Amino acid sequence: MKNKDLILLAIESSCDETSAAVVKNGREILSNVISSQIEIHKKYGGVVPEIASRKHLEAIDFVIDEALNKACKNFSDIDGVAVTYGPGLVGALLVGLSEAKAIAFALKKPLIGVHHIEGHIAANYIENKNWEPPFICLVVSGGHTYLVKVMDYSKYEIKAMTRDDAAGEAYDKVARAIGLNYPGGPEIDKLAKKGNENAIEFPRALMNEFDFSFSGLKSAVLNYLNSSKMAGKEINNADVAASFQKAVVDVLVSKAIRLCHNEGINKLAMAGGVSANSYLRKRIKEECDMENIILNIPSPVYCTDNAAMIGVAGYYEFIKGNVSNFDLNAYPGLKLGNN
């Protein structure tokens, strides 16, 4: 295999994006096709698991065909199939996993189960060909907030996590409270540009620790909105969005920078859907420049859920000999282990 290009078909279906990609040698994306369900779930204010599963079933064959066509590849060119098996919505995961098993079995090719968060971290390898471990990674998404020490490809140590709400979850709940559409993160990011980030002083939790907590901040925003309404005060939603966002980003950035210094590592990466946030990207770049820390952030398309990142992570699992059996199951609560 050393003298031959390694071509993986990758499948991602952990939430509400059905995605397939063809990845060459772990760093070259030949195609990355994403079918989003955002418009469907927007009317419900969040992802409805059963609807998500049904839409995955409808889309997955077409998405895979398009990924192969865009890559100018056939099934016969594929050396293995990488697929997300957790964490995520169990029904959604099972659609992608079942499809991957069927393809791998029919082709008599290896099946590579990939941890969804490992995929997000691996997105950092796509555009920056020189990026490699060790580094610290700030993982921020709708369901997860971690600080991870990436010691080697597929080798991680969780240094901090959220004790309650994830950052993206707090964004969605605050967005709903001020009348914004789902998904809340991009809506708050856009509205905050029109507001004063210093208008309201919201709390920053656990500032002397590395773990995160956003439940108190979310409650503080809701209390502010309710007390203002009861007192008949006019609420400036843009100021609320900007002040809330500043409180979240202050915590994320300061803890990530501090962990870099604490671990003696001057390389920091970001991963997950919230890392597409323009204010977070701006603030963390400013802080890294001041602290002489090398920063890497994937383009927004590789921050949100996509199969390209699963193919990259799958490549590094495969070359280490980590292939899966066909009895691999979906694990909605799968933890990122200390491998």
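The values are calculated or read from the model by the stated rules, or taken from the named source; none is laboratory data. Predicted, not measured: the structure shown is a model, and the values here were computed from it. Don't worry about glycine lacking a Cβ; one is built from the backbone with ideal geometry, like all the others, and counts go over all protein chains shown.
Structure data summary
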quantity	calculated
Where residue 150 falls short, out of the listed (1) surrounded by 15 or more Cβ atoms within 10 Å (Cβ to Cβ); (2) over 30 Å from residue 25 (Cα atoms)	(2)
Long-range neighbours under 8 Å by Cβ, at least six apart or interchain, first residue in a helix (DSSP H, G or I) within the stretch 51-64, second charged (D, E, K, R)	52/16; 55/16; 60/99; 61/99; 64/99
Some residue of the stretch 248-262 being surrounded by 24 or more Cβ atoms within 10 Å (Cβ to Cβ) and out of contact with any strand residue (DSSP E or B) (no Cβ under 8 Å at 6 or more places or on another chain)	yes
Within the stretch 30-85, tally of residues that are hydroxyl-bearing (Ser, Thr, Tyr) and out of contact with any Phe, Trp or Tyr (no Cβ under 9 Å at 6 or more places or on another chain)	5
Positions within the stretch 235-290 being in contact with a Lys or Arg (Cβ under 7 Å, 6 or more places away or on another chain), of a type in the set (Asp, Glu) and closer than 23 Å to residue 202 by Cα, in sequence order	250
Residue count for the stretch 249-273, restricted to those that are assigned to a helix (DSSP H, G or I), at pLDDT 95 or above and not charged (D, E, K, R)	11
Residue, nearest to residue 125 (Cα to Cα), within the stretch 14-33, restricted to residues that are assigned to a strand (DSSP E or B) and of a type in the set (Ser, Thr, Tyr)	31
Residue in the stretch 24-40 that is in contact (Cβ under 8 Å) with a residue 60 or more places away in the chain, within 18 Å of residue 111 (Cα to Cα) and not aromatic (Phe, Trp, Tyr) present	yes
The stretch 87-109: number of residues that are more than 18 Å from residue 58 (Cα to Cα) and either in a loop (DSSP other than H, G, I, E, B) or modelled with pLDDT under 95 (or both)	4
Long-range neighbours under 9 Å by Cβ, at least six apart or interchain, first residue farther than 16 Å from residue 166 by Cα within the stretch 207-224, second surrounded by fewer than 14 Cβ atoms within 10 Å (Cβ to Cβ)	224/235
First in the stretch 69-82 and closer than 17 Å to residue 96 by Cβ and modelled with pLDDT under 95, second anywhere and among the hydroxyl-bearing types (Ser, Thr, Tyr) and surrounded by fewer than 19 Cβ atoms within 10 Å (Cβ to Cβ), Cβ under 7 Å, 6 or more apart	none
Residues located in the stretch 1-13, provided they are in a loop (DSSP other than H, G, I, E, B) and modelled with pLDDT of 95 or more	6, 13
Restricting the stretch 297-338 to residues that are surrounded by 16 or more Cβ atoms within 10 Å (Cβ to Cβ), out of contact with any Pro (no Cβ under 9 Å at 6 or more places or on another chain) and among the small types (Gly, Ala, Ser), the residue that is farthest from residue 120 (Cα to Cα)	330
Restricting the stretch 121-168 to residues that are among the charged types (D, E, K, R) and assigned to a strand (DSSP E or B), the residue that is farthest from the chain's Cα centre (by Cα)	152
Unique residue being part of a loop (DSSP other than H, G, I, E, B) and crowded, with 17+ Cβ neighbours inside 10 Å when the list is 187, 197, 209	197
Unique match (being modelled with pLDDT under 95 and among the basic types (Lys, Arg)) among 285, 233	233
Considering residues of the stretch 189-202 that are more than 25 Å from the chain's Cα centre (by Cα) and of a type outside the set (A, V, I, L, M) only, the residue nearest to residue 146 (Cα to Cα)	202
The one condition in (1) exposed (fewer than 15 other Cβ atoms within 10 Å of the Cβ); (2) under 21 Å from residue 141 (Cβ atoms); (3) not basic (Lys, Arg) that residue 84 fails to fulfil	(1)
Matching option when the condition is in contact (Cβ under 8 Å) with a residue 12 or more places away in the chain, among the aliphatic types (A, V, I, L, M) and surrounded by fewer than 22 Cβ atoms within 10 Å (Cβ to Cβ), among 170, 177, 122, 166	177
Residue ID - surrounded by the most Cβ atoms within 10 Å (Cβ to Cβ), chosen from residues in the stretch 96-116 that are among the aliphatic types (A, V, I, L, M) and touching a Lys or Arg at 6+ places or on another chain (Cβ under 9 Å)	111
